[in-house]
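The values are calculated or read from the model by the stated rules, or taken from the named source; none is laboratory data. All of these numbers come straight from a predicted model, not from anything done at the bench. Cβ sites come from the backbone with ideal geometry, for glycine too, and all protein chains shown count toward neighbours.
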Amino acid sequence: MKIVATTFTGLEQVLKKEIENLGGKNITIHKRAVSYYGDKTLLYKSNLLLRTAIRVLMPLTDFIAEDAETLYQKVFEIDWTKIFDVEKTFAVEAVTYSNTFRHSGFVALKTKDAIVDRFREVYGYRPDVDNKEPQVKINVHVRDTFFNISLDSSGEPLFKRGYRVEQTIAPMNEVLAAGLIQLSNWDQQTDFVDFMCGSGTIPIEAALLATNTPSQFKRTYFGFKHWKNYDKALWDSIKEHYVNQINKDIKPLIFGSDKDREAIAIARKNAQSAKVDDIVKFRVMLMQKLDLPESKKHIIINPPYGIRITGNLKELYSKIGYVLKRRFKKSTAWVFSNNPGLLTYIGLKPSRKYIIKTGALEGHFYKYTIF
């Protein structure tokens, strides 16, 4: 069967590599997505293990529709009664890039009407719609007049790992953090440092990776659990197998610090929830006063940024450059910022650059080799 995993623009290659490692076949990269082929086991593994996927979709059909009536008829032709029970709640999410179908809400409504009418024809009554917490989620993607109808096997986005109990203002998305770590090619042997860690997402994701902890080990809800073909025994055996592969006996130090005492308190709670509080060391500390052992470090930070370059932010980025040059010799540093102009104030020449788009924001991820 065909499977499609979605991600952020710029992380497609990372996601492709993850899928290859899981055994996906006939892998194709698309914009913000990767398609591949596999069985139900691979679908379940994809939800449990993929760190850079936002959703894992199972396509049902595709077709061309040039008007609303054709859209309705094509959706009605799908035997939805074989996919989920009439007692389940469902919702339709539509994304449109079309001059013919301009409004995603209208596409979702016509799709919903066709689904409930199919159930009503068979049972005489229909399933309820729940747009907030549906048990079954249907995804509709429209480009011009070409439609893809898919089941969302994840249900909720996969960046909702389940370990975040508290957060600071605008915390980093977990999928983005995992993607940055893998883009940076951390060898999982070198000490890992984030000295502007906020609520700790980057160090926690690094610890989950290093300990071979499944990204969704905490999560209990998945959309596929409400499908008629859900195989509980298969899911339980897959989850048990990979949870048993968790290895806390790792070599590198994983360290996070921040000047904000409240942020570090939150980071520690999140690490405890993620069961890596014995792996990640958090401290309240100004970056200028870091006193880590002198050795090669792998650094990833996400400093504050502004729409306009202000004097304070210029000074902050200059301090980052100073700290990197003085305290992290023979190390590799990666800096992620949504304001590339600020990165020039670090005062180091980047040896590699990536652009990652998360919604309307364009993030710049720069590598600095410090001699």
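In the set (1) within 28 Å of the chain's Cα centre (by Cα); (2) surrounded by fewer than 19 Cβ atoms within 10 Å (Cβ to Cβ), the condition left unmet by I301 is number (2).
If a residue must be touching a residue at least 40 places away in the same chain (Cβ under 8 Å) and assigned to a helix (DSSP H, G or I), how many such residues does the stretch 238-263 contain?
Of the residues in that region, 5 qualify.
Evaluate the stretch 229-237: report whether one residue or more is touching a strand residue (DSSP E or B) at 6+ places or on another chain (Cβ under 9 Å), in a loop (DSSP other than H, G, I, E, B) and more than 30 Å from K281 (Cα to Cα). Spell out the reasoning first.
Initial filter on the stretch 229-237 (touching a strand residue (DSSP E or B) at 6+ places or on another chain (Cβ under 9 Å)): none.
No, the stretch 229-237 contains no residue that is touching a strand residue (DSSP E or B) at 6+ places or on another chain (Cβ under 9 Å), in a loop (DSSP other than H, G, I, E, B) and more than 30 Å from K281 (Cα to Cα).
Examine the stretch 146-163 for a residue that is in contact with a helix residue (DSSP H, G or I) (Cβ under 6 Å, 6 or more places away or on another chain), among the aliphatic types (A, V, I, L, M) and assigned to a loop (DSSP other than H, G, I, E, B), and state whether such a residue exists. Give the steps one after another, and end with the answer.
Let us first name the residues in the stretch 146-163 that are in contact with a helix residue (DSSP H, G or I) (Cβ under 6 Å, 6 or more places away or on another chain), namely 152-155, 159, 161, 163.
Checking the rest, the ones that are also among the aliphatic types (A, V, I, L, M) come to none.
Scanning the stretch 146-163, I find no residue that is in contact with a helix residue (DSSP H, G or I) (Cβ under 6 Å, 6 or more places away or on another chain), among the aliphatic types (A, V, I, L, M) and assigned to a loop (DSSP other than H, G, I, E, B), so the answer is no.
Scanning the stretch 333-361 for residues that are surrounded by fewer than 17 Cβ atoms within 10 Å (Cβ to Cβ), at pLDDT 95 or above and under 17 Å from the mean Cα position of the chain (by Cα) yields I355, K357.
A quick yes/no check of all residues on (1) free of Cβ contacts under 8 Å to residues at least 24 places away in the same chain; (2) in a strand (DSSP E or B); (3) assigned by TED's automatic domain parsing to the domain that holds K31; (4) more than 15 Å from I300 (Cβ to Cβ):
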position	(1), (2), (3), (4)
F336	no, yes, no, no
L342	no, no, no, yes
P350	yes, no, no, no
K353	yes, yes, no, no
K357	no, yes, no, yes
H364	no, yes, no, no
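A quick yes/no check of all residues on (1) touching a residue at least 24 places away in the same chain (Cβ under 8 Å); (2) touching a Lys or Arg at 6+ places or on another chain (Cβ under 6 Å); (3) not assigned by TED's automatic domain parsing to the domain that holds Y230:
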{"position": "V14", "(1), (2), (3)": "yes, no, yes"}
{"position": "G24", "(1), (2), (3)": "no, no, yes"}
{"position": "Y37", "(1), (2), (3)": "yes, yes, yes"}
{"position": "T41", "(1), (2), (3)": "yes, no, yes"}
{"position": "L71", "(1), (2), (3)": "yes, yes, yes"}
{"position": "H103", "(1), (2), (3)": "no, no, yes"}
{"position": "L109", "(1), (2), (3)": "no, no, yes"}
{"position": "K112", "(1), (2), (3)": "no, no, yes"}
{"position": "F119", "(1), (2), (3)": "yes, yes, yes"}
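Going by the conditions given, is K325 crowded, with 16+ Cβ neighbours inside 10 Å, out of contact with any strand residue (DSSP E or B) (no Cβ under 9 Å at 6 or more places or on another chain) and more than 25 Å from G10 (Cβ to Cβ)? In short, yes.
Restricting the first member to the stretch 266-294 and to residues that are over 20 Å from F328 (Cβ atoms), and the second to residues that are assigned to a loop (DSSP other than H, G, I, E, B) and hydrophobic (A, V, I, L, M, F, W, C), the beta-carbon pairs closer than 7 Å and six or more apart or on different chains are A267/C197; K269/V165; N270/V165; S273/V165; I279/I250. Considering only the stretch 88-111, I want to know if a residue exists there that is more than 28 Å from L176 (Cβ to Cβ) and touching a His at 6+ places or on another chain (Cβ under 6 Å). So far as the stretch 88-111 goes, yes, one or more of its residues are more than 28 Å from L176 (Cβ to Cβ) and touching a His at 6+ places or on another chain (Cβ under 6 Å).
In the set (1) part of a loop (DSSP other than H, G, I, E, B); (2) within 14 Å of the chain's Cα centre (by Cα), the condition left unmet by I181 is number (1).
Taking the residues in the stretch 205-235 that are polar (S, T, N, Q) and closer than 27 Å to N139 by Cβ as candidates, determine which candidate is surrounded by the fewest Cβ atoms within 10 Å (Cβ to Cβ).
Residues of the stretch 205-235 polar (S, T, N, Q): 211-213, 215-216, 220, 229.
Filter once more, so that each one left must be closer than 27 Å to N139 by Cβ: 215-216, 220, 229.
Details: S215: 25, Q216: 22, T220: 7, N229: 9.
Of everything passing the filter in the stretch 205-235, T220 is surrounded by the fewest Cβ atoms within 10 Å (Cβ to Cβ).
As for the stretch 267-274, it holds at least one residue that is at pLDDT 95 or above and either in contact with a Leu (Cβ under 6 Å, 6 or more places away or on another chain) or not in a helix (DSSP H, G or I) (or both).
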